[in-house]
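Please treat every number below as a calculation from the coordinates, not as lab data. Note that the coordinates shown come from a computational prediction; the quantities given were computed from them, not determined experimentally. All Cβ positions, even for glycine, are placed from backbone atoms using ideal geometry, and neighbour counts span all protein chains on display.
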Amino acid sequence: MIEITDLTKAYDSVPVLQKINLTINDGDIYGLVGTSGVGKSTLLRCINGLEPYDSGSLKADGVEIASLDKKALREYRKNIGMIFQSFSLIDRISVFSNVAMPMECWKYSKNEIRQRVEYLLELVGLKDRMKARPTELSGGQKQRVAIARALTMNPRYILSDESTSALDPKTTKNILGLLREINQTLGITIVVVTHEMHVVQELCNNISIMEGGVLTASGAVRDIFLQKPAPLTRLMGEEAMDIPAAGITLAISMDEKAVEGNLFYHISRLLQEEFTLLSGDFSANRTAGSSNIVINIAEADFPDLERFMEDKSISYRLLQKGGFQ
Amino acid sequence: MNFGTTRLFDYLESIVYRSVFETLQMLFAISVLSILLGLILAVLLVLTDKDGLWPQKTIFISINAFTNLVRSFPNLILIVALIPLTRQLVGTSVGVAAAIFPLTVATTPVATRLIEGALREVDKQVIEAAQSFGASTMQIVVKVMLRESLPRLVSNMTLFIINVLGATTIAGAIGAGGLGGSALTFGYQRFDNILMYTIVALILVLVLCIQVVGNILYKKLK
């Protein structure tokens, strides 16, 4: 578990992190989202001790990172694998040697290294490219090698710094699938820094949105995308929605599992198509398997709809005119 | 120009062959010493810089100042300026042995800058990745920085060794011996152009050899 309280950091009196508070639970996939330069990468580097912080506390499994000396810090970093946007592989040595490097640095025997590296390359599906140079691989393959390298020391955490930002959509999907698999089968906690919304929606359970060194919104991905707080709409470059004065406007999280068939269809039949669709975000959210819509209905229709939704335990949120309830 | 009489063939063994040998001796000794010293200084420069792995302002500033100061001297002036020190250390100020010390001092800063340049080209994130799996500073220098920059180092050092060759010939003007000295004393000053240009051609052959070996190594490592 990573517990961050009132974490503050400045570069030459320019604040980069201001009173950051967040907790990342074991087994979670946690997203740190924001535009570039808001401090999310710095926060990530504070977690593995690559960046010192000025004040506040950052505890990993109960240990304060700032209290570790150089040797203890190296020891601590064994628990943490890191993957980067630019893959960060050593181009002049083979895929095998790249993955083997952390274990070489920690002086494991040749035999142990061979077994572990072969197992990991099998896991990421690149065992047949073991002897290749990273330069011979595609972007997605390089990131797989980097993931295998991050896993060599059997870490408790993986920190991902924009690891899919340089990849095409299909490769991104593959890599996200691999990360999810690692999270589920190996139980590794993953912290993801990204500016890509679809990465968050496909991968993360919880997120924090960062703006100018401050966490402006935190919560479960499902709730955040349902509630669409101002930081999220700013991040997505959306104008705040114009909510009609008349009728009732509500945001509905359309959980595919809640009802048989298409929920949208059920709602439109119930309301006899007498409603306005204000916004619809149908991109799959893997944690909820849902999409979000915002509709405006006549006040008279609300009790029916409310009963229907309570019946099926569908989450929804009433939006007041010009703001959130 | 006078291409009439030449003593090239009389001098072939006693002067020319001996000069080739002396030049190779100086070239080897100076290159090895200054590349080793340059390597140490360059690694220290990169590590102790403010965004390096071991920021140490005083060390960085001292090495940086020394490098800049020595580099701003023309080689010939530096050798002359170092004569008293050379006498103290080597016992004489002429000959191959006496040339090695001042020329190593003169060329080390060049080697330092060339190695530093190669090391600084290593991707910062690759170093960060190594830090993130707990590699020590020493391991990062050896296993990441030197390994990753090796082709660049080789091509820079090829350039550097050719530079050293140039420096040894210039040192010939003030008694270092070798091809440069012989070209001046037995060629230029005695108006024996054939001898002089033969030596020039020999130097050219040496330069080409170094370049070709360097290129082959670079291609192999890349």
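Numbers below:
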{"quantity": "Among beta bridges that DSSP assigns inside the protein assembly as shown, antiparallel share in %, nearest 5", "calculated": "70 percent"}
{"quantity": "Choice from B:Val205, B:Val154, B:Val43 with maximal GNM fluctuation in chain B (Cα, 10 Å cutoff)", "calculated": "B:Val205"}
{"quantity": "Computed over the stretch A:2-232: relative contact order in percent, which uses C-alpha pairs under 8 Å that are six or more apart", "calculated": "29 percent"}
{"quantity": "Dipole in debye (nearest 20) - chain A, about Cα centre, beta carbon charges: Lys, Arg +1; Asp, Glu -1", "calculated": "1800 debye"}
{"quantity": "All-pairs alpha carbon distance profile, the protein assembly as shown, 20 Å steps from 0, percent", "calculated": "18, 36, 25, 14, 6, 1"}
{"quantity": "Reciprocal of mean inverse Cα separation for the stretch A:97-214 (Kirkwood radius, Å)", "calculated": "15.2 Å"}
{"quantity": "Average projected area [Cα convex hull, the stretch A:54-159], square nanometres", "calculated": "7.7 nm²"}
{"quantity": "Using distinct alpha-carbon pairs, which all enter the 1/r mean, Kirkwood radius of the stretch A:1-40 in Å", "calculated": "11.5 Å"}
{"quantity": "Solution diffusion estimate, µm²/s, Stokes-Einstein, the stretch B:74-222, Kirkwood Rh from C-alpha pairs, 25 °C, viscosity 0.890 mPa s", "calculated": "139 µm²/s"}
{"quantity": "Cα long-axis angle, helix B:147-171 against chain B (0 to 90 degrees, to the nearest 10)", "calculated": "30 degrees"}
{"quantity": "Cβ-based exposure ranking for A:Met197, A:Met210, B:Met138, in which fewest neighbours within 10 Å come first", "calculated": "B:Met138, A:Met197, A:Met210"}
{"quantity": "Selected from B:Gly180, B:Gly172, B:Gly52 as most flexible by GNM, with chain B as the system and alpha-carbon contacts under 10 Å", "calculated": "B:Gly52"}
{"quantity": "Cα centroid separation, the stretch B:26-70 to the stretch A:135-193 (Å)", "calculated": "38 Å"}
{"quantity": "Cα centre as origin, Lys/Arg/Asp/Glu Cβ charges: the protein assembly as shown dipole, Debye", "calculated": "2720 debye"}
{"quantity": "Tilt relative to chain A, helix A:95-105 - C-alpha long axis, 0 to 90 degrees, to 10", "calculated": "70 degrees"}
{"quantity": "Choice from A:Ala146, A:Ala60, A:Ala245 with maximal GNM fluctuation in chain A (Cα, 10 Å cutoff)", "calculated": "A:Ala245"}
{"quantity": "Chain A: mean projected area of Cα convex hull, nm²", "calculated": "19.1 nm²"}
{"quantity": "Size of electric dipole in chain B: Cβ of Lys, Arg +1 and of Asp, Glu -1, about Cα centre, debye, nearest 20", "calculated": "220 debye"}
{"quantity": "For chain B: relative contact order, % (alpha-carbon pairs under 8 angstrom, 6 or more apart)", "calculated": "28 percent"}
{"quantity": "Footprinting exposure proxy for A:Met101, A:Met82 (fewest neighbouring C-beta atoms within 10 Å first)", "calculated": "A:Met101, A:Met82"}
{"quantity": "Counting DSSP beta bridges with both ends in chain A, the antiparallel % (nearest 5)", "calculated": "70 percent"}
{"quantity": "Geometric extent, Cα atoms of the stretch B:1-114 - Rg, Dmax (angstrom)", "calculated": "18.8, 64"}
{"quantity": "B:Ala65 versus A:Asp54: modelled label distance in nm, points set 7 Å from Cα along the beta carbon direction", "calculated": "3.1 nm"}
{"quantity": "Proxy reagent accessibility, fewest Cβ within 10 Å first, across B:Ile40, B:Ile15", "calculated": "B:Ile40, B:Ile15"}
{"quantity": "Percent RCO, i.e. relative contact order, over the stretch A:1-68, from Cα pairs under 8 Å lying at least 6 residues apart", "calculated": "41 percent"}
